[in-house]
Every structure is written in structure tokens, then in C-alpha cells.
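**Q** Can you read through this structure? Questions will come right after.
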């Protein structure tokens, strides 16, 4: 078929389909909820921590976003920041100081430990927990260095 015989067919098709109007169809069903990430931040002082054993202090905080489903298929990413420092992922060990965590559904536990011969409590700082659904953990966090809070923040589009 040559290009001259196609021109009238294209022009007629354009006129037929451009003139189509009618009532708008029904609204489609809502799509599934997108995957979510939640950030919870605590500013803690030394008085928030209770002595557990010599040189080890603990602080429990309620975090309802940590569910059984998150523990089964998602991720809980804890970070802390001493005043004037940058975000550090837990567990963190520097010399005699250890900062780590534990969690159960609905609760996170921050632990500060000084294993020196004369332990001192110096746990004051900002503690952040990023709770990530399984779907997001498998997609948006794939290949992300989760030790780097800035990389996690960018990947998940988090706000501080």
C-alpha cells in the first residue's frame, strides 16, 4: 500500500475517534495500600536509663509500629546520635562503650554499656527507629547500606 492511499484512512480514523464523547465510566476500585516506613525518634537523657547490672543500663520505649508482621518479614533499623555527632547504626562499639538494642512487638529496648573498670553512664542523645514493612525492605532497601542513615533516609524518602 502506498502512502497516498493511507492518508485518507488515517484522516477518517482521526475524525471518528476524536469525536467520541460520552459519560465518564465508574471509578475503579482503590488500589492496595503502598508499603510503609515509619520513623520514631526519642531524645533520651541519662535519667531515662535504669541500671540493669554493673556498667549496663537499659531504657524501654513503646513503639506500636513494631508488630509481629514487621518482626517476621520487615525490618527494624535503630540509630543513635550523641549531641553534635552524626547518626550511627546500632549496635555500636567504640572502645569500652557499647550501644545496642532489642525489640519485641510494640517495644524497643536501648542498652548502653560501659565495660571499663569504672563504668560511667553517658547515654544521653537522640535515638531513632526506622520500621520498614517487608515489601519495602525487599524493594526500596535492596542494595542500600542500612548502616548509613542518610542512605536509608534517601531510599525511603523519610523526613526527620
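Just so you know, all these numbers are worked out from the coordinates, no wet-lab data involved. Just so we're clear, the structure is a prediction, and the values are computed from it rather than from any experiment. Glycine also receives a Cβ, built like all others from the backbone with ideal geometry; neighbour counts cover every protein chain displayed.
**Q** Could you list 154, 159, 135 so that the one with the fewest beta carbons within 10 Å of its beta carbon is first and the one with the most is last?
**A** Ranked by crowding around the Cβ, least crowded first: 159, 154, 135.
**Q** Which residues does a label at residue 85 reach in segment 118-145, if reach means a backbone N under 19 Å from a point 7 Å past the Cα toward the Cβ?
**A** Hits in segment 118-145 for residue 85 at 19 Å: 118-130.
**Q** With only alpha-carbon pairs counted, each pair once and no self-pairs, how large is the Kirkwood hydrodynamic radius of segment 37-156 in angstroms? Let's see the in-between values first.
**A** Values: mean 1/r = 0.0673 Å⁻¹.
About 14.9 Å for segment 37-156.
**Q** If I take every Cα pair under 8 Å that is 6 or more residues apart in segment 37-156, average their sequence separation and divide by the length, what percent do I get for the relative contact order? Intermediate values should be presented prior to the final figure.
**A** On the way: 233 pairs, mean separation 43.5, N = 120.
The normalised contact order for segment 37-156 reaches 36 percent.
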